[in-house]
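Accompanying notes for the structure given below.
Since every read-out is calculated from the coordinates, none of them should be taken as a lab result. What you see is a predicted model, and the numbers here were worked out from it, not measured in a lab. When we count neighbours, we look across all protein chains shown, and the Cβ atoms used for this are built from the backbone with ideal geometry, even at glycine.
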Amino acid sequence: MDDIAPSQFSQELNNLETNIVGFNFAGENLAQVLSTSSPFSPVNLLFYAIGAWFLINTVLAGINLMTSGGEPAKVSTSKTRITNSIIGILVAVTAYWVVRLIGLALGLSSSGPDGGF
């Protein structure tokens, strides 16, 4: 596969958009959709899903904890679920920032498909 410059990639996306009649995703073109500055970028959508998972999992574990009636098995399960939710969100955020910092250390831009990773 040929490596192309970020500006060339952006131009290719724009060419693709002009060839697809009426292409529009929530009022944005393809380059804007794939850009990390867009609320619909794949990275942002992934973080929305992770955040929703964290919130739902933590709330359900809290409900289970409150309704456990003091049963040690249910209390332990709920506490473990809350702990795992916190660990999961921390791992996701840490992984994102490690990749961003490595990219910055290597001199890569962080502005999305039209400017880097």
- Query: ³J(HN,Hα) across region 48-58 via Karplus (A = 6.51, B = -1.76, C = 1.60, θ = phi - 60°), whole Hz, x for Gly/Pro?
  - Reply: 4, 5, 5, x, 5, 4, 4, 5, 5, 5, 5
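Calculate, in nm to one decimal, what THR67 and ILE86 gain on full extension: separation in residues at 0.36 nm each, minus their alpha carbon distance.
Using 0.36 nm per residue and subtracting the Cα-Cα distance, I get 4.7 nm.
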- Note on the structure: Taking max minus min of the Cα coordinates of region 41-109 on each principal axis, largest first, gives extents in Å of 55, 21, 10
- Task: Normalising by the residue count of region 41-109, find the relative contact order in percent from Cα pairs under 8 Å and 6+ residues apart.
- Result: 31
- Query: Between VAL99 and SER76, how many nm apart are label points set 7 Å from Cα along the C-beta direction?
  - Reply: 3.7
